[in-house]
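Here the structure is laid out as structure tokens; the discussion comes afterwards.
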Amino acid sequence: MQMRGNILLLITAFIWGTTFVAQQVGMDELGPFTYAAARFFLGTLFLLGLWLLDRKRRASRKQRGLHHSGWKMGFVAGLMLFVASSLQQYALQFTTVGKTSFITALYIVLVPLGAALFRLAKVYMVNWLGAVLALAGLYLLTIQGTISLNLGDVLVALSALGWTAQILYIDRFAPHVNVLELSLSQTICCFVASLLTAAGTETMALAPVLDSWVSIAYAGVLSTGVAFTLQIVGQKYAAPSEAAVIMSFEAVFGALASFVVLGEQMSTAQLCGCLLMFAGVIVSQLRTIMQKKHAPAK
């Protein structure tokens, strides 16, 4: 089951990575919070449809006393998600996309540190080694030029703490509550918060939203509706330290998608970074692979 969770998280990383291209195209005419509100609205409609289709199974589980609501937990996760993504988006006004990606990915190390600190899960040496390899790979993939710190970098570092909290929170509650309710309430929270922020800080108009409907639909249905739900399901079975390394692979998928769709070139250093990140994912899975190999036959 743990390998199944890892595969779902890798699919999540692929969707999130390719969504970077959709966001880049979609926000040409839209403010960041207007775009976020539109994508989270579509995500809400998509998940609401799944939730309604699931009502018979949910009713059956309620009768047997097996249903545990995920609404309250989802709203808390949604607040974490909104704060983290908003800090990240605001920080882009002061720093580069490459530095933002790299500093955000500090959660690769922060998640196992938090898991060990709060005794949420045991962290093994291969997890730390995989995290270091992935972080080194991400440095080569995203950082261009010299490193200097500014206000934007500090805000991104704070957003990394938000992503860490969200991953650890999902890991704590995902195995015990209804996944669809957790994902739906998280998305509703992000939609409402994004809409209110957009109304207060940006000029909202329907025409630009309609012009960007393809990228909004991709981000809303796949990234928001499907990927966040897969993250929750995947974290039911995967250790938080392994989950963080696997989900960081979104940077590789994002770079590859930019190369294929937008024609952006990748340097030798970036290609080496992709290989290091891939090595980090493999190393972090070594313990799981060895356990499966030596498991007694049934």
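Residues to consider are L79, L120, L133, L113; find the one that is more than 23 Å from P32 (Cβ to Cβ), modelled with pLDDT of 85 or more and surrounded by fewer than 23 Cβ atoms within 10 Å (Cβ to Cβ). So that I can check it myself, show each step before the final result.
Values: L79 fails: more than 23 Å from P32 (Cβ to Cβ); L120 fails: modelled with pLDDT of 85 or more; L113 fails: modelled with pLDDT of 85 or more.
After ruling out the rest, the residue left standing is L133.
Say whether the condition of being touching a Gly at 6+ places or on another chain (Cβ under 7 Å), of a type outside the set (S, T, Y) and at pLDDT below 90 is met by at least one residue in region 255-272. Please lay out each step first, then the result.
Restricting attention to region 255-272, the residues satisfying the condition of being touching a Gly at 6+ places or on another chain (Cβ under 7 Å) are 257.
Right, trim to of a type outside the set (S, T, Y) and you get 257.
Then drop every residue that is not at pLDDT below 90, which leaves 257.
Checked region 255-272: at least one residue is touching a Gly at 6+ places or on another chain (Cβ under 7 Å), of a type outside the set (S, T, Y) and at pLDDT below 90.
Counting only residues that are loosely packed, with under 15 Cβ neighbours inside 10 Å and either among the charged types (D, E, K, R) or in contact (Cβ under 8 Å) with a residue 60 or more places away in the chain (or both), how many does region 258-271 have?
Of the residues in region 258-271, 4 are loosely packed, with under 15 Cβ neighbours inside 10 Å and either among the charged types (D, E, K, R) or in contact (Cβ under 8 Å) with a residue 60 or more places away in the chain (or both).
Take the conditions crowded, with 17+ Cβ neighbours inside 10 Å, part of a loop (DSSP other than H, G, I, E, B) and of a type in the set (G, A, S) and apply them to A238. Does it pass? Reasoning before the result, please.
Working: crowded, with 17+ Cβ neighbours inside 10 Å: yes; part of a loop (DSSP other than H, G, I, E, B): yes; of a type in the set (G, A, S): yes.
When the stated conditions are applied, A238 passes them.
Scan region 131-141 and give yes if some residue there is of a type outside the set (A, V, I, L, M) and more than 26 Å from F253 (Cβ to Cβ), otherwise no. Steps first, please.
Applying the first criterion (of a type outside the set (A, V, I, L, M)) to region 131-141 yields 137, 139.
Checking which are more than 26 Å from F253 (Cβ to Cβ) leaves us with none.
Scanning region 131-141, I find no residue that is of a type outside the set (A, V, I, L, M) and more than 26 Å from F253 (Cβ to Cβ), so the answer is no.
Of the numbered conditions (1) surrounded by fewer than 19 Cβ atoms within 10 Å (Cβ to Cβ); (2) at pLDDT below 85, A174 fails exactly one; give the number of that condition.
If we test A174 against (1) surrounded by fewer than 19 Cβ atoms within 10 Å (Cβ to Cβ); (2) at pLDDT below 85, just (1) comes out false.
Which residue, of S194, S148, S159, S185, is modelled with pLDDT under 75 and out of contact with any strand residue (DSSP E or B) (no Cβ under 8 Å at 6 or more places or on another chain)?
Working: S194 fails: modelled with pLDDT under 75; S159 fails: modelled with pLDDT under 75; S185 fails: modelled with pLDDT under 75.
Checking each option against the conditions leaves just S148.
Going by what's in this entry, would V233 be described as assigned to a helix (DSSP H, G or I), of a type outside the set (S, T, N, Q) and within 13 Å of I167 (Cα to Cα)?
Details: assigned to a helix (DSSP H, G or I): yes; of a type outside the set (S, T, N, Q): yes; within 13 Å of I167 (Cα to Cα): yes.
So V233 fits the description; yes.
The values are calculated or read from the model by the stated rules, or taken from the named source; none is laboratory data. All values derive from a computational prediction rather than experimental measurement. Glycine also receives a Cβ, built like all others from the backbone with ideal geometry; neighbour counts cover every protein chain displayed.
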